[in-house]
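Notes follow the structure.
The values are calculated or read from the model by the stated rules, or taken from the named source; none is laboratory data. Predicted, not measured: the structure shown is a model, and the values here were computed from it. Counting neighbours? That spans all protein chains shown, and the Cβs are built from the backbone with ideal geometry, glycine included. SASA here: full protein model, heavy atoms, side chains in, ligands and nucleic acids out. Shrake-Rupley method; radii C 1.70, N 1.55, O 1.52, S 1.80 Å.
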Amino acid sequence: MRNIKLIIEYDGSKYSGWQRLKNSDQTIQGKLESVISEMVSSSVEIIGSGRTDAGVHARGQVANFKTKSNMTTKEMHKYINHYLPQDIVVSKVIEAPERFHSRYNAKSKKYTYYIWNHWIPSPFQRKYSYQFIETLDIGLMEEASKKLVGTHDFIGFSSVKKTNKSTIRTIEEITIVKEGNMLKFSFIGDGFLYNMIRIIMGSLIEIGIREKEISYIDEILKTKTRSIAGKTLPPHGLFLEEVYY
């Protein structure tokens, strides 16, 4: 049995997220499984490094599947991209070690949230960034983001309901880069809770427009209360950039 690793890019605009759903065929996993199962003439389960939500994009999603097919990786690569929708592209097909598991072996992930910070919208960036017209104080947002780096219980920055699973995560690094009107907020961490980055972004914006003090972050971490955190920003500004192993 061979283990095949895929690196995948997708525009998540019209999809219900990564995970296959019983009531929808509009998922990234579902589209991949359909094409690959047809390719190898047997049912295939694709294992992703993690789920991206409806509307979220990816430049570096990682997945793997097992097959007895003797097609070369190049033949697989050409076949998969030929039959996938144009908004999903497999950028690499790699023969992986037998024990490689895209989810369990992942050490950390990098996500970037893009904000178009100008009152004039961009026709080219509108699907891939969140337009915010008020001026943002990047210095204040950088200071606030430092409080999020490290190991914390991030339940207050999540839409997770009651759960027996741990809500403690480690954020290794947060960087903010300004390129013209575009602001890029990059997060590297060992994992992220449901809506965590989008709620962090909503909270940082509150600080960036001086509605809240930097200590607002401490308050959310201390109280672990979702209702006091900022709003959940839309999914179309969020990209899964890379998975690290």
Probe 1.4 Å, accessible area per residue of the range 104-245, Å²: 52 Å²
Listed peptides 24-30, 131-137 by packing density, highest first (mean Cβ within 10 Å): 24-30, 131-137
Under 16 Å from the Cα of K165 - aspartates and glutamates, other chains or at least 8 residues apart: D153, D190
The chain, relative contact order in percent, only Cα pairs under 8 angstrom and at least six apart counted: 24 percent
Loop-located trypsin sites (Lys or Arg not before Pro) in the range 112-164, at most 14 other Cβ atoms within 10 Å (DSSP): R126, K127, K161, K162
Nearest-ten-degree value, helix 28-40 long axis tilted from longest Cα axis of the chain: 10 degrees
Value in Å of the Kirkwood radius, where the chain supplies the Cα pairs that are averaged: 19.1 Å
From phi via Karplus (6.51, -1.76, 1.60), per-residue ³J(HN,Hα) for the range 77-82 in Hz, x at Gly/Pro: 4, 5, 5, 4, 5, 5
Label point distance in nm, E134-N81, each placed 7 Å from Cα along Cα→Cβ: 4.4 nm
For the range 58-190, convex hull volume per residue from C-alpha positions, Å³: 179 Å³
Carbon and sulfur %, accessible surface of the range 73-183 computed with the full protein complex present, 1.4 Å: 52 percent
Entries in K127/K231; K31/K231; K161/K231; K22/K184; K92/K184 that, when Cα-Cα distance is taken, lie over 28 Å: K31/K231; K22/K184
C-alpha center-to-center spacing [the range 201-245, the range 126-193] in angstrom: 6 Å
Residue of N117, N70, N105 that the Gaussian network model of the chain assigns the largest fluctuation, springs spanning Cα pairs under 10 Å: N70
Relative contact order for the range 120-239, counting Cα pairs under 8 Å that sit 6 or more residues apart, in percent: 34 percent
Cross-link reach list, aspartates and glutamates versus K5, counting only Cα pairs under 16 Å and skipping chain neighbours closer than eight places: E33, E45, E75, E95, E98, E242
Inter-label distance for E213 and E173, nm, one decimal - labels placed 7 Å from Cα along Cα-to-Cβ: 3.2 nm
Inter-label distance for L21 and S42, nm, one decimal - labels placed 7 Å from Cα along Cα-to-Cβ: 3.1 nm
Estimated [θ] at 222 nm from DSSP helical runs (n ≥ 4, -39500 (n - 2.57)) normalised by residues in the chain, nearest 500: -6500 deg cm²/dmol
Per-selection Rg to Rh, the range 147-199 - Cα, Kirkwood hydrodynamic radius: 1.04
